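Working notes, structure below.
Please treat every number below as a calculation from the coordinates, not as lab data. Since we're looking at a predicted model, the values are computed, not measured. We place every Cβ from the backbone using ideal geometry, glycine too, and count neighbours over all the protein chains shown.
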Amino acid sequence: MLLGGMLCTVCLILFGTIYGISHLLHKHTDTKEVAKTSQKQTAKSKDTSSSKEKIDTSAVKTQELVINTDNNSGKKKKGSSSKGPTITISSMGDCTLGTDEGFDQSTSFNAYYNEYGADYFLKNVRSILEADDLSVVNFEGTLTEETSRADKTFAFKGPAKYTDILTGSSVEAANIANNHSKDYGTKSQEDTIENLSNAGIATFGYENVVVVDVKGIKVGLTGIYELAEHEQKATQVKENIQALKDAGAQIIIVNFHWGIEKEYTPNATQKKLAHLAIDEGADLVIGHHPHVLEGIEKYNGKYIAYSLGNFCFGGNKNPSDKDTIIFQQTFTIDTDGKVADDDNINIIPCSLSSSSNKNDYCPTPLEGDEAERVRQKIEKYSEGL
């Protein structure tokens, strides 16, 4: 009798555990929740840093901008919930608007631009980006006329007019902290920032952070280039987040350029820095560089998308893995001006190309079995995070 009771208890515990994970993975109606919840610590507010020492932000340059999305065709008016106003932010992976001089130019990104024009590239995701409140990409390459190429395997550049690709599809912000931001020297990075800024696109990365006012809600954006210094970037993570707090950011999003190319699992450094960012006050962590999708973790109530893969990517004419996603999160600002404890994410499975046998540089939402395949792929990669 005692043994039978113990077996019943074990079965009930197992059933409860399985049901809880299944509920987490399938709670959203449009997409499946793919993040695993970390139980390591209780959540900290942005007002309390994980470190008690005063953080020196003198090296950080903060820019404050207003993004007027009311004038953008299709952009929705500021939403609200019973808790307060809401804002939907879309994050996308690597956007390389240009080519390498060593590529076959007849099939290059530039050739497609010359044939089809700026509106071609993001036409299949335009309605999605117009319907959000803020669209953010990782801009991996340069927009410059510089000719002195860095001594590296791949170096990407395009002309300044390629900014029309982004502005024509309601992309308002770009991270430039990555390993291709100086492909044609420091001047090429400066040119890229200037050209994006002149087009009305907010740029951020390295020691430069930006607070964008979107319909009255202040969103802080920072980009961290981790590849060279790894865990030594912890200081910059703390400084940049503190500077965004000091500037009044209500939502803080940290973009990391990190990890190992073509690896589907985040390494220990990625996890450590992601957790640190959230402990310091980040509301969302977005990762780039592996060129493939990695898993999604929920840590202290905040999401970490370790790698979004490529998106509008001129860096390869036919990648073997074309899977990517648009990671959307709708944040609610409560009556105290803080981020409410919501759980509203939307994962939109996409391919970086509308063609399955080549890269036509036209990211396209997936449907049916293909969309489900990508969701299951992310679920698998998220296990154990």
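Below are the figures for this structure:
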item: Enclosed volume per residue, in Å³, of the convex hull spanned by Cα atoms of the range 36-382; result: 129
item: Cα-centred dipole magnitude for the range 88-156, charges only on beta-carbon of K, R (+1) and D, E (-1), debye, nearest 20; result: 100
item: Likely footprinting exposure, HIS257, HIS230, fewest C-beta neighbours within 10 Å first; result: HIS230, HIS257
item: Residue order, fewest to most surrounding Cβ atoms within 10 angstrom, among SER90, SER135; result: SER90, SER135
item: Cα gyration tensor category, rounded, prolate or oblate, for the range 214-312 with a/c compared to 1.5; result: prolate
item: Above-threshold pairs, the threshold being 30 Å between Cα atoms, out of LYS182/LYS317; LYS272/LYS380; LYS123/LYS245; result: LYS123/LYS245
item: Virtual spin-label span in nm between GLU383 and GLN232, 7 Å along Cα→Cβ; result: 3.8
